[in-house]
Amino acid sequence: MKKRFGIWRRLLIIFGTIVLLAGIYAVVIVISAGNAQSSVEKTKEELRKQGFKTDLAEFDFSVPANELGFANCVERMASPRTALPQRFLPVSLMRRAGPDSAIVTWKEDSVVAENEVFTWTNFVDTAQLNDPEFLEARAAAFSEPIRFNLNAKEGMALRLPQLAMIRRISQDCGSAMIVDLHNHDRAAAWTNLVAITRLVTAWEPEPTDVSPMVRFALVSMTSQATWEAMQAGDWSEAQLATLQRDWESLDFFKNLPETLAFKRAGALAECEQRRKEAMESFRLWDDIKEMAQSPGQSPQMARMLWEQLRYLYGSGVYEDERALLLFYRDREAELRNALKATSWQAMKSMPGITNQPMFASKYRFSVVTTLLNLRQLNMAFVGRGTGFLGRAAEAESYRRLLVTALALERFRVKHAHYPAGLDELAPEFLKQPPIDFMDGRPLRYRLGVDGRFVLYSTGLDGVDDGGMIAKPMNPTRADFAVVPGMQEAGDIVWPRAATSNEVAILREQESQERQREAELKQRMDSEEYWNRTAARQGRADSSFVTPEAEINANSLNGRRVSDILRNENLAGTNTLTEMLTLHQVVTGAEPETITFEAPIKLDAVTNVGGLNLLIDLNKGDVLEEAEGTVAQIEISRATNGNCLLAWHTIFETPGRHTLQMGLFMEDGNWRKVVAGPTAVMEVTNLCQFSESSAHFDSAMGAWLFAKVPELKADYSVDIFSTDGKRVKTISGNTSNGVIEVFWDLLGEDKQKLVDQSFSTVFRITLSESGQTQRLKGP
C-alpha cells in the first residue's frame with residue numbers, strides 16, 4: 001500500500017511541477033505581451049508626433065456624390081451584369097520604325113492590334129468602339145476630378161476593380177482616336193485625345209501601392225496617343241495650349257509619401273487581423289495529442305509549440321508590429337529625402353531607392369512577412385524592376401517631353417517652323433528651357449534638315465543613346481506592362497515621323513516575323529496532331545460499342561430516338577442499331593474521300609444532337625463532343641432524304657482504322673454518346689495532312705504540311721482556283737519525312753489569289769519503295 005501511495009505521490013509531484021511551470025510560462029508570456037503591446041502603442045504615439053500616420057482610421061477615401069460621375073460609369077462597366085465587347089483590341093501606337101522614328105499608325109492602310117493585322121473596317125467592327133458603356137465613361141471623364149469612393153479601413157484588402165477599367169477606357173480612347181484621325185474626323189479625334197489625357201491629369205489616385213503605378217503606365221500610353229495626334233499638324237494654338245496646361249499642372253511625386261503611410265497602416269492592421277485568425281484556428285489540445293501519438297518527435301514539436309505560443313499570445317506579434325512601424329517609417333523617411341532631389345541621377349544614389357529592403361521578422365511563425373514580401377515582389381514586376389520611385393521618374397520624364405512637344409507645336413503654328421533650339425521656347429511658350437529630369441541637364445533636341453525634330457530624355461540609365469527608341473521584344477504588341485528584360489536599352493523619345501522607306505522596311509520585317517511565328521506554330525500543331533492520331537490508331541481495340549439493348553432503349557423527350565430519326569420514306573430500318581450501321585457508297589472521290597449513307601433524316605438530327613464518325617476508339621475512351629471523331633467530315637442530304645457522311649481521309653494516319661457511326665444526343669445539361677457497330681477501313685493515302693493545312697491566312701499565305709511514311713520523297717503540288725484554273729505548281733523534295741510547302745498566294749502570272757479558298761493536287765514519289773500516288777490535298 002505504501003509503495004502504491006509513493007507512485008501516486010511522485011506522479012502528483014510531476015504533474016504539479018508541470019502545472020507550476022506552465023503557470024510560470026503563462027505569466028511570462030502575458031507579461032511580455034503586455035510590455036510589447038505597450039511598446040507598440042508608445043512607438044505609434046512617437047511616430048504621430050513626428051507626422052507619420054499609423055492607423056487606417058487616419059485615412060479618408062470618401063468622395064462627395066456629385067464627384068462620382070466617372071466612378072459610377074466605371075462601376076457599371078466592372079459589374080458582372082454588364083456585357084462588355086468580347087474583343088479588347090488596344091492598338092499599337094507610335095510603333096518604332098527606325099532608331100529615332102516611328103510609324104504614324106492612322107496614316108497606314110491597315111492597323112495592328114494585339115499582334116493581329118486588321119483592315120480599318122474590320123477593326124472598327126471587331127473592337128466595337130461605339131459601345132454605349134465606353135461612350136458614357138468617356139463623356140464622364142470630362143467631369144473634374146476623377147475620383148473613386150473607397151473604404152480606407154479595408155487596408156491591404158482594398159479592392160480596386162476600377163484600375164482595369166481605367167486602363168481599358170484609356171486604350172479604347174486611343175483606338176477610337178486613331179480611327180477618327182484615319183477618317184479625318186478631327187473633332188471626334190480631339191474628344192478622344194482630351195479624354196485619354198484627363199484619365200491621367202484629372203485622376204487623383206488613392207494612395208495604394210498599385211494605383212499610382214497604373215497611372216504611371218497610362219502616362220506613356222497617353223504620350224504615344226498624343227504623338228500620333230500631333231502628326232496631323234492642324235491643331236489650333238488654343239487646343240495645344242489647353243493640353244500643355246493640363247500636363248504642366250501635374251505633380252507625380254507629392255502624394256507618394258502618403259502611399260507609404262497607407263501601406264504602413266495597412267500592414268499593421270493586416271498583422272493584427274492575421275494574429276486573430278491564427279489564434280482562432282490554433283488548437284492547443286490537438287497539438288498535445290499529436291505529441292502524445294509521436295513520442296520521438298515530442299521535443300521538437302514542443303519547441304515549435306512554445307515558439308508558436310510565444311508568438312501568438314506573447315510578445316512575438318507585437319514585436320512584429322513595432323518592427324513594421326519602424327520599417328515603414330524608415331522607408332517613408334528615405335522617400336521624403338529622395339523627393340528633395342531635382343533629378344533621378346541624384347535620387348537613385350540615395351539609400352533604399354533602387355534596392356528596397358524587404359521586411360524580415362525574427363520569428364518563423366510571422367503572420368505577415370511572406371505576404372508583405374510577395375506584394376513587394378509583385379510590385380517590382382509591375383514596375384518592370386525599376387521600383388516605385390523609378391516609375392514615377394519615368395512618368396515625370398514623359399510629362400516634361402509632352403509639355404515641351406506641345407510648346408514646340410505651338411511655336412510651329414505661330415512661326416510656320418520649329419525652333420533651332422529649345423531656348424527659343426522661353427518665355428512665350430515655356431517659362432524656362434526644359435530640363436531632363438533623369439540627369440538634370442537640358443532635354444535633348446535635334447532638328448532635321450527636313451524640318452522634323454527628335455526630342456528625348458536619357459531614361460533611367462542616364463546614358464545618352466542619341467535618341468534611340470528602346471526596341472521591345474515584340475514590337476507588334478501593345479502591352480500594358482513590359483516584362484523586365486524584355487526590351488533593349490534606349491532613351492525616352494518623342495520621335496520623328498518615319499519616312500516612307502522606313503515604313504516599307506518595317507512592314508517587311510514585321511510580315512516576315514509574323515510569317516515565322518505562324519509557320520512555327522503550324523509546324524508544332526502538325527507534329528502534335530500526327531502524334532496524337534498515330535497513338536490513337538495504335539491503341540484502338542474495337543471494344544467501344546453501345547450494347548444493342550441500350551441503343552434501342554434510348555428515348556428523348558418521351559419518344560424513342562429511333563422513331564425521331566427514322567426516314568419514313570424508306571422501309572426495313574426499325575432500330576437505332578440499324579440506323580448507326582456504316583454503309584459505304586461509291587462516289588468516285590475515293591481514296592481521298594470515303595462516303596457513308598445513314599438511313600436517318602438529316603432534318604431530325606439537329607433536334608437530337610449531332611452525327612459524326614468515331615475513329616479508333618477503345619473502352620477506356622471518355623467521349624466528349626469533339627473527342628474521338630474523325631478530323632474532317634461533311635454531312636449532307638442524300639436524294640432520298642438520308643444522311644451522307646463524307647470522310648476526308650487525307651487527314652488520317654495511313655493504314656487500318658476502326659470506324660463507327662456516333663450519335664451525340666443532348667437535352668439541356670444532359671449529354672450522351674451512342675456508338676454503332678464497328679467497321680474496319682483501310683486508308684491507302686501515301687501521306688497525312690495536318691488539320692491546319694485546311695486553312696490559310698489571306699494576309700501572309702498558305703502552309704501545307706504533310707507526313708509521308710519514308711524519310712525521302714519527291715513531290716509536286718498543283719494549286720487550283722475555285723473555277724478549276726491552275727494558278728501555280730510548286731515542286732520539291734524532303735529528307736525528314738515531312739513535306740513543308742509555303743505558298744505566298746501569288747500565281748505564276750504574279751497576281752495574288754483573291755478567292756476565299758483553293759484546292760491542291762499532290763504528286764508524291766517515295767524514294768526508297770518507289771511508290772507513287774496522285775492525291776487531292778486540302
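The values are calculated or read from the model by the stated rules, or taken from the named source; none is laboratory data. Remember, it's a predicted structure, so these values are computed and weren't measured experimentally. Note that we place each Cβ from the backbone using ideal geometry, even for glycine, and neighbour counts take in every protein chain shown.
Summary table below
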| quantity | calculated |
| --- | --- |
| Wholly within region 228-333, helices (runs of 4 or more DSSP H) carrying at least 1 residues that are at pLDDT below 65 | 256-281, 284-293, 298-313 |
| Subset of region 682-698 (residues that are part of a strand (DSSP E or B) and either surrounded by fewer than 19 Cβ atoms within 10 Å (Cβ to Cβ) or free of Cβ contacts under 8 Å to residues at least 40 places away in the same chain (or both)) | 682, 697 |
| From the options 740, 666, 748, residue that is among the acidic types (Asp, Glu) and outside the structural domain of residue 768 (by TED's automatic domain parsing) | 666 |
| Residue in region 664-675 that is at pLDDT below 90, more than 38 Å from the chain's Cα centre (by Cα) and closer than 25 Å to residue 577 by Cα present | yes |
| Test for residue 33: is it outside any loop (DSSP other than H, G, I, E, B), under 28 Å from residue 272 (Cβ atoms) and at pLDDT 55 or above | yes |
| Yes/no for residue 745 being buried (at least 17 other Cβ atoms within 10 Å of the Cβ), on the phi > 0 side of the Ramachandran plot and not acidic (Asp, Glu) | yes |
| Which numbered condition residue 392 misses (of (1) of a type outside the set (Lys, Arg); (2) touching a Leu at 6+ places or on another chain (Cβ under 7 Å); (3) at pLDDT 95 or above) | (3) |
| Strands (runs of 3 or more DSSP E) wholly inside region 699-778 that include at least 2 residues being within 20 Å of residue 529 (Cβ to Cβ) | 702-707, 713-720, 738-743, 759-766, 772-776 |
| Residue within region 400-420 that is in a loop (DSSP other than H, G, I, E, B), touching a Phe, Trp or Tyr at 6+ places or on another chain (Cβ under 9 Å) and of a type in the set (D, E, K, R) present | no |
| Flag for residue 557 being modelled with pLDDT under 75 and surrounded by fewer than 12 Cβ atoms within 10 Å (Cβ to Cβ) | yes |
| Criterion (of a type in the set (Val, Ile, Thr) and over 19 Å from residue 259 (Cα atoms)) met by exactly one of 178, 146 | 178 |
| Pick from region 334-355, criterion touching an Asp or Glu at 6+ places or on another chain (Cβ under 9 Å) and at pLDDT below 90, ranking: surrounded by the most Cβ atoms within 10 Å (Cβ to Cβ) | 353 |
| Flag if residue 219 is at pLDDT 90 or above, of a type in the set (A, V, I, L, M, F, W, C) and either in a loop (DSSP other than H, G, I, E, B) or over 17 Å from residue 93 (Cα atoms) (or both) | no |
| Condition met for residue 122 (surrounded by fewer than 23 Cβ atoms within 10 Å (Cβ to Cβ) and without any contact (Cβ under 8 Å) to a residue 40 or more places away in the chain) | yes |
| Top-ranked residue of region 190-211 - restricted to ones that are among the β-branched types (Val, Ile, Thr) and outside any helix (DSSP H, G or I), ranked as surrounded by the most Cβ atoms within 10 Å (Cβ to Cβ) | 208 |
| Among residues of region 121-143, those that are farther than 19 Å from residue 161 by Cα and under 24 Å from the mean Cα position of the chain (by Cα), counted | 10 |
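Per-residue answers, yes or no, for (1) surrounded by fewer than 22 Cβ atoms within 10 Å (Cβ to Cβ); (2) more than 22 Å from the chain's Cα centre (by Cα); (3) under 19 Å from residue 200 (Cβ atoms); (4) basic (Lys, Arg):
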| position | (1), (2), (3), (4) |
| --- | --- |
| 91 | no, no, yes, no |
| 99 | yes, yes, no, no |
| 108 | yes, yes, no, no |
| 111 | no, no, no, no |
| 116 | yes, no, no, no |
| 145 | yes, yes, yes, no |
